[in-house]
Amino acid sequence: MPDGPPPPPVVQRVRLRYTKRARLRFTSHRDFARAFERALRRANVPMAYSAGFSPHPKVSYVGAAPTGVASEAEYVEIGLAREVDVEQLRAALDRALPPGIDIVDAVQSTGGSLPERIDASEWQIELPGVDPAEARSAVAALLAAESVPVERRTKAGLRSIDVRSALVSAVVTEEVRLVGSEGAAPLSGATPAELGVSTAAAGSPCAIIICVVRHLTPAVRPDDILTGLRHVVASADLDSAEPPRATRLVQGALTAEGRIVDPLDADRGGLAIGTPT
């Protein structure tokens, strides 16, 4: 055992929602974790630490989005050695992080497991240059299928993933949706370009798929859905004029009606005491 007293216990847990926008969508989870821990130090957050020879700050990441996709709904929980004002903590961390990774919501934990409140995501997949009618036909065929297996290369080799079993709903629109279906907070006045949302040239078609996907193992990602669409309608012209761009709008608990509930709703009303350093 290492010498010295044990680290202070966790006296407050805070849950944060953050974004990955514009070029920051290419940030890997490992890169984000390093940037986030540096931001905790710059913001003088009174972190609680693990015991042992190599103490680590008490940080728990939940369901990180794949590298290369944007997100408006990523979650992390931190354990603090003393109580702070949650909104002041959120603002201090937001200032300490680079633009594009924005802390947009924070609540004090009232207990329970945050991962258990997250079992589905709502995605927006933009296909610049693709005729929305062509996309609607492919989506209808995908929803009508009983099973749509696709292959993905993983560290363990090729794996077969059933896209249809994870897909709850899918619709095609021609307008970018900047908030999720359950009333997620507006995106701080940011423009589509600032968010990394592609904007098709005037007169050019752009099919936009809004879909709700269950979190299964392995997870079904937006690129798997596009592969599944091409499998069910091989003749469909789904090749984008630009690379497809995916944004996670919401993640949380899936209701019987197919809607997604904000996982922080259950913690609303928890009050923080004191002030941060």
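Listed values, structure above:
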quantity: Search result, residues across segment 117-128 that are surrounded by 19 or more Cβ atoms within 10 Å (Cβ to Cβ) and outside any strand (DSSP E or B); calculated: Arg117, Ile118
quantity: Qualifying residue in segment 230-241 (condition: of a type in the set (S, T, N, Q), modelled with pLDDT under 85 and open to solvent by 60 Å² or more (accessible area, probe 1.4 Å)); calculated: yes
quantity: Scan of segment 214-229 for residues that are touching a Lys or Arg at 6+ places or on another chain (Cβ under 8 Å) and surrounded by fewer than 16 Cβ atoms within 10 Å (Cβ to Cβ), ordered by number; calculated: Pro218
quantity: Long-range neighbours under 9 Å by Cβ, at least six apart or interchain, first residue on the phi < 0 side of the Ramachandran plot within segment 211-227, second open to solvent by 30 Å² or more (accessible area, probe 1.4 Å) and part of a helix (DSSP H, G or I); calculated: Arg214/Ser165; Leu216/Ser165; Val220/Ser165
quantity: Yes/no for Glu77 being of a type in the set (Asp, Glu) and in contact (Cβ under 8 Å) with a residue 24 or more places away in the chain; calculated: yes
quantity: Test: residue in segment 132-146 that is in contact with a helix residue (DSSP H, G or I) (Cβ under 6 Å, 6 or more places away or on another chain) and under 24 Å from Gly63 (Cα atoms); calculated: no
quantity: Members of segment 146-165 that are polar (S, T, N, Q), more than 28 Å from Pro132 (Cβ to Cβ) and open to solvent by 50 Å² or more (accessible area, probe 1.4 Å); calculated: Ser160
quantity: Search result, residues across segment 192-216 that are at pLDDT 80 or above, aliphatic (A, V, I, L, M) and in a loop (DSSP other than H, G, I, E, B); calculated: Leu216
quantity: Segment 166-189 - residue that is modelled with pLDDT of 50 or more and of a type in the set (Gly, Ala, Ser) and, of those, most open to solvent (accessible area, probe 1.4 Å); calculated: Ser169
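The rows are residues; the columns are (1) within 19 Å of Gly112 (Cα to Cα); (2) acidic (Asp, Glu); (3) modelled with pLDDT under 95.
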| site | (1), (2), (3) |
| --- | --- |
| Glu37 | no, yes, no |
| Arg42 | no, no, no |
| Ser54 | no, no, yes |
| Gly63 | yes, no, yes |
| Thr67 | no, no, yes |
| Ser71 | no, no, no |
| Glu74 | yes, yes, no |
| Val86 | yes, no, no |
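The values are calculated or read from the model by the stated rules, or taken from the named source; none is laboratory data. Since we're looking at a predicted model, the values are computed, not measured. Reconstructed Cβ throughout: ideal geometry from the backbone, glycine too, with neighbour counts over all protein chains shown. Surface areas here come from the heavy atoms of the whole protein model, side chains and all, with no ligands, DNA or RNA. Shrake-Rupley method; radii C 1.70, N 1.55, O 1.52, S 1.80 Å.
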